[in-house]
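Read through the structure below, which is laid out as structure tokens, and then see the notes.
Read the figures in this text as sums done on the coordinates, not as results from a lab. Quick caveat: nothing in here was measured; it's all calculated off a predicted structure. Note that each Cβ is placed from the backbone with ideal geometry, even for glycine, and that neighbours are counted across all protein chains shown.
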Amino acid sequence: MSERSRSVLRWVARNLRLALPLLLILVARSSFANHYEVPSGSMEPTLAVGDRIFADMRAYGVRVPLTERWLTEREPVRGDVVLFSHPLSGEVLVKRLVGLPGDVLEMKGGVLFVNGIAQEQQARDGRRLEALAGRMHPLFADEHQGPSFGALRVLPRHYFMAGDHRGNSSDSRMWGLVPREKLVGKAVAILFSPREGLQGAARFWIPLTPDSVPDQRLLQGRAGPE
């Protein structure tokens, strides 16, 4: 073997040692778990601008790393807070999943109807909650809940996403349904929140799973830019 060939092999081995850890990190972040910083107020009060959220990338199945191809699949649950790629721009967004494949959705007078059933809202003390399929989650406390729309059936392998700040959210009402292939992961919890009204340890690990009584820290959100 020539000296030139040995130099090339040494260069490859040296750079492979540097690149392999980076590749493993990219694979882990795309396949297992990742974090995401909230850029806008479209999910307030649940998510405030600057919140850092923890996402389970295996919640909806296992994908070929760095691709949109699913090896195994698990169906999302209505009410999940979901990370997904915008079906047009590819930008990673976070919204609440309100419509599953086959659902018929309507929005009338600020009230969401799923398969003909109005999703109950409670407004008191300046706060608003919605019982989405019986699972409670916060909505932004504003009478304006965004535009109404008539009956819309969600296509197979597609999902309808909406922001919790429905009067200040660009979502499936504007740009359409999200294909299964565009799902990225499930937002499990807020790792850290800089929002006003929280101090010390209360800023860390705020669960996002809808429940009969949502974590009261989620009601500390403040309106931010679109």
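Some points to look at:
- PHE204/ALA131 FRET efficiency (R0 30 Å; Cβ-Cβ; nearest 0.05): 0.60
- For region 67-107, Kirkwood radius (reciprocal of mean inverse C-alpha pair distance, Å): 12.1 Å
- Between VAL92 and THR72, the contour length at 0.36 nm per residue exceeds the Cα-Cα span by 5.1 nm.
- Residue-by-residue Karplus 3J(HN,Hα) for region 194-208, coefficients 6.51, -1.76, 1.60, Hz, glycine and proline x: x, 4, 5, x, 10, 9, x, 5, 5, 7, 10, 6, 10, x, 10
- At 1.306 mPa s and 10 °C, Stokes D of region 95-148 from Kirkwood alpha-carbon radius, µm² per second: 136 µm²/s
- Global geometry of region 35-220, whether rounded, prolate or oblate, following the gyration tensor of its Cα atoms and the 1.5 cut on a/c: oblate
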